[in-house]
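Report on the structure given below.
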Amino acid sequence: MSDKVKKQHFVPQFLLRNFADDNEKLWIYDKSTGRSFPNGVANIGCDGYFYDDPEVAAVTGEAQFVEKALSRAEGRWSSTLSAVLERVRSQADVGLSHDERLCISQMLSLQMVRTPLVRELNDQMRRAMERALRRSFSIDSEDDQAEIPIPKGLSDIEAKNFHIVSMLNHESIAKYQSIFIGHIWTFLRAGRHGHFYTSDHPLSRRPHITGGWMSHSGIGSKGIEMSFPLAEDVTLLMYDREHFSTMEFIDGKANDALAPEMLLYYNSMQVQESHRFLYSRTSDFGHAEIVLKDEPRFRDPNRKMVIVSGDEDYPNG
């Protein structure tokens, strides 16, 4: 009997349990169809052999290297998060230690890059480069036989392999971790106003500076606000210290939502930033339906996320 893990989670089970009922069941909302249904934590936020790659196994000498490494790390993340949540629910000053911030920041850094949305985004970036090169060399978009002068190896790169290799870039993960630690952290409790959603890509971002040639949506961008739901009743909020300098006083504090609109605001970030699925303790996805009625493009899991100059004249891109 094989000891290989088939169902490999891109959202850890310990995190999903914070949104589940006593039977480890929660509700799933499929944005693409508008359908909702219940399922168990073990069957949610996962895919078959999602992290397995023969090249990675050959280099590391270990089958399922990524899955095993994530499993070991999740043990540390789970115990740290449980201790923090206990304080968040009972006191205003959470009293986060440096080690706790360091551990949670590592969890955020890996969670940010381990999802199907990122795999799709990486592949769209590769295809966008191909489109740009076709235009540069005046190659027709429908000419599949034309030789495209793509940098060596790029044309043959496989989305899954590239995604997994990028997750193993320790320098990038350390950089992300440092950025997260540097932000203002505060915890919002849902209180009596309802429940927070989580999703198949739970770290969501909202830029508060717009315009110009930059997107301003990077995790270290000036004016960035981020939300990461930790449980059905608690979400972690992070703010850039420069733009939100007047909010320094809430760093490390926990507060209750003052109105139902605050839950709609943060749930809408999950709706927009998720790939395809939302997860909730209850079957009420009214917030999702409000957002998707106004912005139906977020229903498409393959929506265009990478646009390069000239795409408007390149319909087959």
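The values are calculated or read from the model by the stated rules, or taken from the named source; none is laboratory data. Only a predicted model underlies this, so the values are computations on that prediction, with no experimental measurement involved. Positions of Cβ are generated from backbone atoms using ideal geometry, with glycine treated the same way; all protein chains shown enter the neighbour counts. For accessibility, only protein heavy atoms count, side chains too; no ligands or nucleic acids. Shrake-Rupley method; radii C 1.70, N 1.55, O 1.52, S 1.80 Å.
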Exercise. Expressed as a whole percentage, what fraction of the accessible surface of the chain belongs to carbon and sulfur atoms when a 1.4 Å probe is rolled over the protein heavy atoms?
Worked result: 51
For this session: Starting from the range 36-141, pick out the GluC sites (Glu not before Pro) whose DSSP state is loop and whose Cβ has at most 14 other Cβ atoms within 10 Å.
Result: GLU62
For this session: Note down the accessible area of PHE65, probe 1.4 Å, to the nearest 10 Å².
Result: 60
Exercise. Once Cα extents along the principal axes in Å is worked out from the coordinates, which option in (1) 64, 54, 39; (2) 58, 44, 34; (3) 66, 45, 45 does it equal?
Worked result: (1)
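For the range 1-136, what is the accessible area per residue in Å², given a 1.4 Å probe and the full set of protein chains?
Details: 6520 Å² over 136 residues.
For the range 1-136, the solvent-accessible area averages 48 Å² per residue.
Write down the percent of antiparallel bridges among all DSSP beta bridges whose residues are both part of the chain, to the nearest 5.
In the chain, DSSP labels about 90 percent of beta bridges as antiparallel.
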Exercise. Taking only DSSP H segments of four or more residues, each worth -39500 (n - 2.57), what value at 222 nm results for the chain once the sum is divided by all its residues, to the nearest 500 deg cm²/dmol?
Worked result: -11500 deg cm²/dmol
For this session: Please turn the phi angles of the range 27-41 into ³J(HN,Hα) values with the Karplus equation 6.51 cos²θ - 1.76 cosθ + 1.60 (θ = phi - 60°), one per residue in order, whole Hz, x for glycine and proline.
Result: 9, 10, 10, 8, 4, 6, 10, x, 8, 10, 7, x, 7, x, 3
Seminar exercise, completed: Using a 1.4 Å probe on heavy atoms of the protein chains only, the accessible area for TYR176 in Å², nearest 10, reads 70
Exercise. Exactly which GluC sites (Glu not before Pro) in the range 185-262 are in a DSSP loop and have at most 13 other Cβ atoms within 10 Å?
Worked result: GLU242
Exercise. When the chain is modelled as a GNM with alpha-carbon springs shorter than 10 Å, which of LEU203, LEU230, LEU258 fluctuates the most?
Worked result: LEU258
Exercise. Relative contact order (percent) for the chain, with alpha-carbon contacts under 8 angstrom and 6 or more residues of separation?
Worked result: 24
Exercise. On full extension of the chain, what length is gained from ALA83 through GLU261, given 0.36 nm per residue of separation minus the C-alpha to C-alpha distance?
Worked result: 61.2 nm
Seminar exercise, completed: If one compares the long axis through the Cα atoms of helix 170-182 with the longest principal axis of the Cα atoms of the chain, the angle in degrees, nearest 10, works out at 40
Problem set entry | Within a Gaussian network of the chain (alpha carbon springs, distance under 10 Å), most fluctuating of LYS68, LYS293, LYS31 | LYS293
For this session: Determine the relative contact order of the range 1-89: mean sequence separation of Cα pairs under 8 Å and six or more apart, normalised by residue count, in whole percent.
Result: 30
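Say R0 is 30 Å: what FRET efficiency, to the nearest 0.05, do ARG17 and ALA132 get from their beta-carbon distance?
0.10
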Problem set entry | Per residue solvent-accessible surface (Å²) - the range 179-258, probe of 1.4 Å | 40
Problem set entry | Cross-link pairs beyond the 23 Å C-alpha cut-off, checked among LYS25/LYS253; LYS222/LYS293; LYS6/LYS160; LYS68/LYS253 | LYS25/LYS253; LYS222/LYS293; LYS68/LYS253
For this session: Using a cut-off of 12 Å between beta-carbons, work out the net charge of the residues near THR33 (Lys and Arg +1, Asp and Glu -1, THR33 not included).
Result: +2
